[in-house]
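What follows is one structure encoded as structure tokens, with my remarks underneath.
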Amino acid sequence: MIDHEKKKNGAGALLAAGILAAAIAGALIPAGMTGGAPSAAENTEQAAAENERDSTLGERIKKDGEYISDVLEPAGREGYTSKELLLINPWHLLPEDYEAELEDVEYGHRMDACAAEHLRDMLADCREAGYSPLICSSYRDRSKQEVLFQSDVRKFMYRGYSEEEAVRETAQNVAVPGSSEHEAGLAADIVYVGHQVLDESQEQNDTQQWLMEHCMEYGFILRYPRDKQDITGITYEPWHYRYVGEDAAREIMSRGICLEEYLGVIDKDSPALPLQAEED
Ligand SMILES: [Zn+2]
């Protein structure tokens, strides 16, 4: 197996874990809170407003069988509501009940149906051109990720760490559930078969250079470029390809921007966040 473990920055991971906890609890901060103890009438009104907001959010997340996040409707990008453009990063977690429509790609690797065929085509053409790409990670089951994460948290707590400390320590090595594009079946890690190490040296081989140059033709982008770490929150990964559809991929790759910039969703807090690794 490939060494897939990478160190994350603890503070960034902790924040992501906090976001995760909030997401799991379904915690939506009520808007327009006023000072002082609310009256019974205000409580009822607030509860009604929260219910309305919850159902609106639910509709936005799942519409016509397609999952849509509210982050897909940023200013200037109202039309971009397809699954391919779902934004998943440390600040925008995948909905907990998200289910990818899985399809086989090769050697047991699966991707969402919207991306699988395009990935097969890209790999076939890359091999046809004389190179040797190998998928080393594709769809990753969320429940496995959660079991893995919680199991490590318990190990730390058994050793005397507080729950908060245990989560922070765990998040240094295990991706916070919900923050990985692999859980949506929209991303694949592809390496040169003769060099399966996941570090920056991956960019130096001919297979990877072919993929970087041609991925947009198949609707894929190199998701975590070197110069966009402050925006994506993820360190440079010259092996992680994300399916976004051909139009978006061509614009993103040819302009040298990242998905957050394309969608117009740059989290104002993100530049201040320490970087973390996306994988496992
Ligand atoms: Zn990846």
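So which residues in the stretch 92-105 are exposed (fewer than 15 other Cβ atoms within 10 Å of the Cβ) and in a strand (DSSP E or B), if there are any at all?
Asp104
For residues that are assigned to a helix (DSSP H, G or I) and away from the ligand (no atom under 14 Å from the Cβ), scanning just the stretch 192-203, find the one that is surrounded by the fewest Cβ atoms within 10 Å (Cβ to Cβ). Even if it seems obvious, please write down each step before you answer.
Initial filter on the stretch 192-203 (assigned to a helix (DSSP H, G or I)): 200-203.
From what's left, away from the ligand (no atom under 14 Å from the Cβ): 200-201, 203.
On the way: Glu200: 13, Ser201: 11, Glu203: 16.
So, considering only residues that are assigned to a helix (DSSP H, G or I) and away from the ligand (no atom under 14 Å from the Cβ), the one surrounded by the fewest Cβ atoms within 10 Å (Cβ to Cβ) is Ser201.
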Starting from the stretch 149-171, take each residue that is at positive phi and list its partners that are modelled with pLDDT of 85 or more and surrounded by 13 or more Cβ atoms within 10 Å (Cβ to Cβ), counting only C-beta distances under 8 angstrom and pairs at least six apart or across chains.
-> none
Is one or more of the residues making up the stretch 221-244 touching a residue at least 60 places away in the same chain (Cβ under 8 Å) and away from the ligand (no atom under 15 Å from the Cβ)?
-> no
Using the structure shown, decide if Glu246 is modelled with pLDDT under 95 and closer than 24 Å to Ala124 by Cα.
-> no
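Mind counting the residues in the stretch 181-220 that are closer than 20 Å to Gly245 by Cβ and of a type in the set (Ser, Thr, Tyr)? Full working, then the answer.
Here is the first cut: in the stretch 181-220, the residues closer than 20 Å to Gly245 by Cβ are 181-190, 211-220.
Remaining after also requiring of a type in the set (Ser, Thr, Tyr): 218.
The total comes to 1.
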Mind checking which pairs have a first residue in the stretch 91-103 that is under 14 Å from Gly185 (Cβ atoms) and at pLDDT 80 or above and a second that is among the small types (Gly, Ala, Ser) and exposed (fewer than 15 other Cβ atoms within 10 Å of the Cβ), Cβ under 6 Å, 6 or more apart or different chains?
-> Glu101/Ala113; Glu103/Ala113
Please verify whether the stretch 179-191 includes one or more residues that are hydroxyl-bearing (Ser, Thr, Tyr), in a loop (DSSP other than H, G, I, E, B) and either more than 11 Å from the ligand (Cβ to nearest atom) or free of Cβ contacts under 8 Å to residues at least 40 places away in the same chain (or both).
-> yes
Residue selected from the stretch 117-170 under the condition among the small types (Gly, Ala, Ser) and closer than 24 Å to His195 by Cα, by the criterion surrounded by the fewest Cβ atoms within 10 Å (Cβ to Cβ) = Gly130
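Give the number of residues within the stretch 233-251 that are farther than 18 Å from His195 by Cβ and surrounded by 23 or more Cβ atoms within 10 Å (Cβ to Cβ).
Within the stretch 233-251, the first condition is being farther than 18 Å from His195 by Cβ, and the residues that meet it are 233-235, 242-251.
Filter once more, keeping what is surrounded by 23 or more Cβ atoms within 10 Å (Cβ to Cβ): 233-234, 242-244, 249.
The qualifying residues number 6.
The values are calculated or read from the model by the stated rules, or taken from the named source; none is laboratory data. No experiment lies behind these values; they were computed from the predicted model shown. For neighbour counting, all protein chains shown are included, and Cβ atoms are generated from backbone atoms with ideal geometry for every residue, glycine included.
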